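Student: One structure, pasted below without further comment.
Rule-based calculations on the coordinates, nothing more; no lab input. Source: prediction; values computed, not measured. Neighbour counts are summed over all protein chains in view; Cβ atoms, including those assigned to glycine, are modelled from backbone coordinates with ideal geometry.
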Amino acid sequence: MGARRDCYNRQIDYLRVSVTDRCNFRCAYCMPVEGVLLQKHTDMLTYEEMLRIIKVLSKEGISKIRLTGGEPLVRKGIVNFISEIAALGTIKDISMTTNGNLLADMAGSLKAAGLNRVNISLDTVDPERFRAITCGADVTQTLKGMEESLRIGLTPVKLNVVLTEFFTESDIAYFINLVHHHTVAVRFIEYMPIGNGRVHAGPSVEKIKSMINSWGKGVLKAVQNVKGYGPARYYTLPEAVGSFGFITPISEHFCQSCNRIRLTADGKFKPCLLSNKEIDVKKALRSSAGDEEIVNLFYLAIGAKQASHTLNEANFQPDFFRNMSQIGG
């Protein structure tokens, strides 16, 4: 069955599943340094409940799944969960967004289970700045996770770089060298002011492009051959085997092509990352709802998708939102 379309004719075929609200990092734009009030385990969806939702929605056109958190690798049983999704035979792409801290030891098992590719958060490669933005994490572990993912073929490996004040020119040098030698897509993401106010925006996307072009390795050229289903616009440099992506939720939003619905770890369909609108599917699951009721709630979520977010509007109220770690990004 083909993917469903919302009232703005956007095809919805992508479900982002937050498997946990726990995380072993405390990134400054994502979570307060003291952490957040965690949900009780009984309030979280079980893997069986998530799998049922995925199975039902795959009959409604959902064919792409991204597993997020919190940090998805801190939840026990994640490898088996991936194998169960793969066993459905209806999902053509299973990916994961991770901070990479636990990835080096788990990458092989994740791929064997059916994971196709990973996105790794890496906002700076400077050890001190990395410790500062994550509240104490070791960048070496994340880099090892990236290297192991490349070695075993969890590709294309994508690096998510949020452009904050922690980003430096030395990071540009590292990433230019990286894309020249490895099939990595380095994606620069505009900072969105919906976190905890412990970080400020860094250089603009246009500034990053200018810095790359001035580095002496050639001029960025647009490319279309990077696998993925998100909003990034990709470019490469002469002789580079990897690429750069640019994600601009503020300066040039991409809501008109949004193809996703989110499922939070506590069982809510979320039509938009930047909206408070949520539809409770957990209550239906735990009230012995049939598949038809789950489908109806999914349609309700699709119907609630707005034409665009309101980040640029004067009356935007960021304090109304959950922390990013509780949504799954």
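Student: Can you tell me what the convex hull of the Cα atoms of the stretch 105-243 projects to on average, as an area in nm²?
Tutor: Mean shadow area of the hull around the Cα atoms is 8.7 nm².
Student: Same structure, new question: Provide the FRET efficiency to the nearest 0.05 for the residue 300-residue 131 pair, computing r from the beta carbons and using R0 = 56 Å.
Tutor: So the FRET efficiency works out to roughly 0.85.
Student: While we're on this one: Given R₀ = 45 Å, FRET efficiency for residue 87-residue 275 by Cβ-Cβ distance, to 0.05?
Tutor: With a Förster radius of 45 Å, E is 0.85.
Student: Just to confirm my understanding: which cysteines in the chain have no other cysteine beta carbon less than 4.7 Å from their beta carbon?
Tutor: Lacking a cysteine Cβ partner under 4.7 Å: 7, 23, 135, 255, 258, 272.
Student: Which order do 292, 84 fall in if you start with the one that has the fewest other Cβ atoms within 10 Å?
Tutor: Arranged by neighbour count, lowest to highest, 292, 84 become 292, 84.
Student: Let me ask another. For a quick check: sort 7, 258 by the number of other beta carbons within 10 angstrom, fewest at the front.
Tutor: Least to most surrounded, the residues fall as 7, 258.
Student: For the pairs 92/221; 40/283; 144/282, flag any whose C-alpha to C-alpha distance is greater than 27 Å.
Tutor: Distance filter (> 27 Å) returns 92/221; 144/282.
Student: Scale the Cα Rg of the stretch 45-127 by the rule-of-thumb value 2.2 N^0.38 Å and send over the ratio, two decimals.
Tutor: Compared with the compact-globule rule of thumb, the stretch 45-127 sits at 1.12.
Student: Suppose R0 equals 35 Å. What FRET efficiency, 1/(1 + (r/R0)^6) with r the Cβ-Cβ distance, do residue 80 and residue 138 give to the nearest 0.05?
Tutor: After rounding, the FRET efficiency stands at 0.80.
Student: Most exposed first by the Cβ proxy, i.e. fewest other Cβ within 10 Å, how do 41, 180, 200 rank?
Tutor: Ranked by crowding around the Cβ, least crowded first: 41, 200, 180.
Student: What is the diffusion coefficient of the chain in µm²/s, taking the Kirkwood radius over Cα pairs and the Stokes-Einstein relation at 25 °C with a viscosity of 0.890 mPa s?
Tutor: In µm²/s, the coefficient is 121.
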